[in-house]
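The structure appears below as structure tokens.
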Amino acid sequence: AVFRSTAISRCRFVNLPRLITSSRQVRKFSSSDGAHVSSISSVGFRLSRSGRFTGETDPLMEKFNASIGYDKRMWQQDITGSIAYAAALGRAGLLKPEEVKSLQDGLRKVLKEWQDGTFELKAGDEDIHTANERRLTEIIGPVGGKLHTGRSRNDQVVTDVRLWLRDEIKELQKHYKALIACVTDRAEKEIDFLMPGYTHLQRAQPIRWSHWLMCYAWQWRRDAERLADVYKRVNMLPLGVGALSGHPFGIDRAALAADLGFDGVIQNSLDAVGDRDFILEFLQSGSLSMVHMSRFAEDLILYSSSEFGFVSLADAYSTGRWSTPWRAGVCRSGLHTHTAC
């Protein structure tokens, strides 16, 4: 309570907006109504400052608040989501068919610029969402502003993250499949090779080389299975719930989820925009995967040393040392162990 009163006393200069609005004040406008089209400035969209703001943002604040340096990697997912969202607005009768086509064609042109490496970021592009919408409006005109109808960056951001992470998980699954196939193939071909099995770096019992290889194949299989389980919770659609309390014009979220390849929709709007559990799950899964990679790399470091001499690394994956040029270094394995730590 003391903290609360102190915080309030220090913020008396802040003009608080009205928090309660009568439902009678909310009207449904047609696609020809331009009132909802965000204004465009010389430095791009100011979507986050539309409404009650009249003064300019301090340049230092703009730099601090900008996330474009990080989220620009999601350019493809942001455009993919916007193309599907334009179709959803059309199905809801909020956009005319020609407007939907104009938006989707324009977005595909923006996509092509990113693919060709010709997309130019400008001052005022604080994130990938404003950057893409700013460029869209430059290409097709004011109708580009209608893409934001009923959509908040709250549901747009988390949708982009889910789409991006979904693609990354699929790519990782491909790599795991190839890695496990490679190891099992080597294990089958080299099944007759014997080696000592160690406990605490002391020789304990004889084992097959293939048995050691397959130890890691099973670990990587579990890593892949964990990713598949995380994917189930990643692949749920948050888009269409607005800032936090639902879409003002009732778009068909089930159809939108189908268009984007999601397994379903997140039912609670607050949960949809606020949930980041799936990110933490992925990070935990990735951390455990790197522990397994670290163990594998450390074993290779030991087994390729002169004290063990069980394996030798190809020159393509080895480096030299300035002080000991006669020794082939295993820097790549070392990097894996350090990264995991």
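The rows are residues; the columns are (1) open to solvent by 30 Å² or more (accessible area, probe 1.4 Å); (2) touching a strand residue (DSSP E or B) at 6+ places or on another chain (Cβ under 7 Å); (3) of a type in the set (A, V, I, L, M); (4) under 30 Å from Ile79 (Cβ atoms).
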position	(1), (2), (3), (4)
Lys189	yes, no, no, no
Gly197	no, yes, no, no
Ile207	yes, yes, yes, no
Leu227	no, no, yes, yes
Val230	no, no, yes, yes
Pro238	no, no, no, yes
Leu244	yes, no, yes, yes
Phe249	yes, no, no, yes
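Residues in segment 105-151 that are closer than 26 Å to Asp252 by Cβ, in contact (Cβ under 8 Å) with a residue 60 or more places away in the chain, open to solvent by less than 10 Å² (accessible area, probe 1.4 Å) and among the small types (Gly, Ala, Ser): Gly145 only. Residues in segment 260-287 that are within 19 Å of the chain's Cα centre (by Cα), part of a helix (DSSP H, G or I) and either surrounded by 15 or more Cβ atoms within 10 Å (Cβ to Cβ) or of a type in the set (Gly, Ala, Ser) (or both): Ala272, Val273, Gly274, Phe278, Ile279, Glu281, Phe282, Ser285, Gly286, Ser287.
Restricting to segment 190-220, give me the number of residues that are touching a helix residue (DSSP H, G or I) at 6+ places or on another chain (Cβ under 6 Å) and not charged (D, E, K, R).
Step one: list which residues in segment 190-220 are touching a helix residue (DSSP H, G or I) at 6+ places or on another chain (Cβ under 6 Å), which gives 190-191, 193, 195, 210, 213-214, 216-217, 219-220.
Remaining after also requiring not charged (D, E, K, R): 191, 193, 195, 210, 213-214, 216-217, 219-220.
Looking only at that region, the number is 10.
Within segment 288-311, the set of residues being assigned to a loop (DSSP other than H, G, I, E, B) and in contact (Cβ under 8 Å) with a residue 12 or more places away in the chain comprises Ser304, Phe310. Scanning segment 120-179 for residues that are among the aliphatic types (A, V, I, L, M) and within 19 Å of Leu103 (Cα to Cα) returns Ile128, Ala131, Leu136, Ile139, Ile140, Val143, Leu147.
When you look at Ala257, is it surrounded by 17 or more Cβ atoms within 10 Å (Cβ to Cβ), free of Cβ contacts under 8 Å to residues at least 24 places away in the same chain and either part of a helix (DSSP H, G or I) or touching a Phe, Trp or Tyr at 6+ places or on another chain (Cβ under 6 Å) (or both), yes or no? Judged against the criteria, Ala257 is a match. Residues considered: Ala181, Ala187. Of these, the only one that is out of contact with any helix residue (DSSP H, G or I) (no Cβ under 8 Å at 6 or more places or on another chain), free of Cβ contacts under 8 Å to residues at least 40 places away in the same chain, in a helix (DSSP H, G or I) and of a type in the set (A, V, I, L, M, F, W, C) is Ala181.
Scanning segment 152-162 for residues that are open to solvent by less than 10 Å² (accessible area, probe 1.4 Å) and among the hydrophobic types (A, V, I, L, M, F, W, C) yields a total of 1.
The values are calculated or read from the model by the stated rules, or taken from the named source; none is laboratory data. In this text, all values refer to a predicted model and were calculated from it rather than measured experimentally. Ideal geometry is used to build each Cβ from the backbone, glycine not excepted, and the neighbour counts take in all protein chains shown. Keep in mind that these areas ignore ligands, DNA and RNA; they rest on the heavy atoms of the full protein, side chains included. Shrake-Rupley method; radii C 1.70, N 1.55, O 1.52, S 1.80 Å.
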